Amino acid sequence: MFNELLESWLAEKRSAYLYEILAVKEQGTYREALFRRLGQEAENQAVIWEQKISALGRKIPESLPIDVRTRIVTALIRALSPKSILVVLAAMKIRGLSIYTSSLPTHPLPTSVEQIGKRHQKRGSGGNLRAAIFGINDGLVSNAALICGISGATSSEPHMVVYAGVAGLLAGAFSMAAGEYVSVLSQREMFEYQIGLEAEELKLYPEEEAMELALIFHARGMEQDEAKKFADRLIQDPVRALDTLAREELGLDPNELGSAPQAALFSFLFFSVGALVPLVPFLMKSNNSPFEWAIGLTGAALFIIGASISLFTGKNALLGAFRMLAIGSAAGALTYWIGHWLGA
């Protein structure tokens, strides 16, 4: 019991320490005041744990021990932009991170408790479409470059290109799938851990959690009294309160985290589709000029993918198509001549 209480006290004190570092980093901005207030709230919550420890007849350390992890995070805050290390800060119980993930301070706020979460419910398939396009592009460019390099080195032996192309497809697809699986799984584990902490804190001291939310809403442009009333109403609904705490305090969005196996499967399939395009002409035994066909198919695919990417960038589709074609052509030409030089 004592060890659990002491760890909670240490977590709050370390958070307060890091809030001060962040406040200094954000000196002169509206974020400075927010972090100083959140730091004070962390100190207040540390007092709660200190009182529980005292009730057991035990004492807290006379000075805060700064562990290696906290020192590393402190160095990262001082050296980098806090926005670039949001996941690290969330893991250190730093709140108010939504100020870095939206167009603050003018980001529109909900005007009723019922609106909390609803603005996040309407999600299209843009995320899956984006993953498909970029997954296919990765497979296409990497395997096309590999095939160009092998063709340059062994132009008279197409079967070698087939072996290398199939090996490149499988190696790349499995590598992408494994990387995506670990990435999504790690994100989900971190999210579940942080949500667990928030749920426990919401149960133990809801008033303090409401105060933290009020500080964040106030920093985002809501009047102080209105922010306090809004947070108090919100905290009465545990489900919406927990959802909002995750988004506003931690800057985390549950809708952005998918299934790790599904992400791995999608990554494997889309990479394979792209990697198969330049390989198809070499698999057709009746084709007397597979390399030329591979270049043509790859060029057409790059053109289409470049135009498709404009759906996300908002740029001119034709410009994006030619840019992707130029990048892919440069990669293919370079690997071809390197292969030719090594083969010679």
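The values are calculated or read from the model by the stated rules, or taken from the named source; none is laboratory data. These figures come from a predicted structure and were not determined experimentally. Cβ: placed from backbone, ideal geometry, glycine included. Neighbour counts: every protein chain shown. Only protein heavy atoms, including side chains, enter the accessible area calculation; ligands, DNA and RNA are left aside. Shrake-Rupley method; radii C 1.70, N 1.55, O 1.52, S 1.80 Å.
Using only alpha carbon positions, build the gyration tensor of segment 193-244, then give the equivalent ellipsoid semi-axes as the square roots of 5 times its eigenvalues, largest first, whole angstrom.
In descending order the semi-axes read 19, 10, 9 Å.
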Accessible area, 1.4 Å probe, largest first: how do 141, 73 sort?
141, 73
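So if R0 is 51 Å, what FRET efficiency would residue 237 and residue 166 give, r being the distance between their Cβ atoms, rounded to the nearest 0.05?
0.40
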From the phi of every residue in segment 209-215, what ³J(HN,Hα) in whole Hz does the Karplus formula 6.51 cos²θ - 1.76 cosθ + 1.60 yield, where θ is phi - 60° and glycine or proline is x?
5, 4, 5, 5, 5, 4, 4
For 52, 285, 229, 203, give me the order by solvent-accessible area with a 1.4 Å probe, most accessible first, ignoring ligands, DNA and RNA.
285, 203, 229, 52
Taking the Cβ-Cβ separation of residue 67 and residue 204 as r and a Förster radius of 25 Å, what is the calculated FRET efficiency to the nearest 0.05?
0.60
Is segment 159-237 rounded, prolate or oblate when judged by the Cα gyration tensor, a ≥ b ≥ c being the square roots of its eigenvalues, rounded requiring a/c under 1.5 and prolate requiring a/b larger than b/c?
prolate
Per-residue HN-Hα couplings for segment 160-172, Karplus 6.51 cos²θ - 1.76 cosθ + 1.60 at θ = phi - 60°, whole Hz, x for Gly and Pro?
5, 5, 4, 4, 5, x, 5, 5, x, 4, 5, 4, x
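Give me the number: length gained by fully extending residue 59 to residue 40, i.e. 0.36 nm times residue separation minus the C-alpha to C-alpha distance, one decimal in nm.
In short, 4.7 nm is gained.
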How much solvent-accessible surface does residue 160 expose, in Å² to the nearest 10, with a 1.4 Å probe and all protein chains in place?
80 Å²
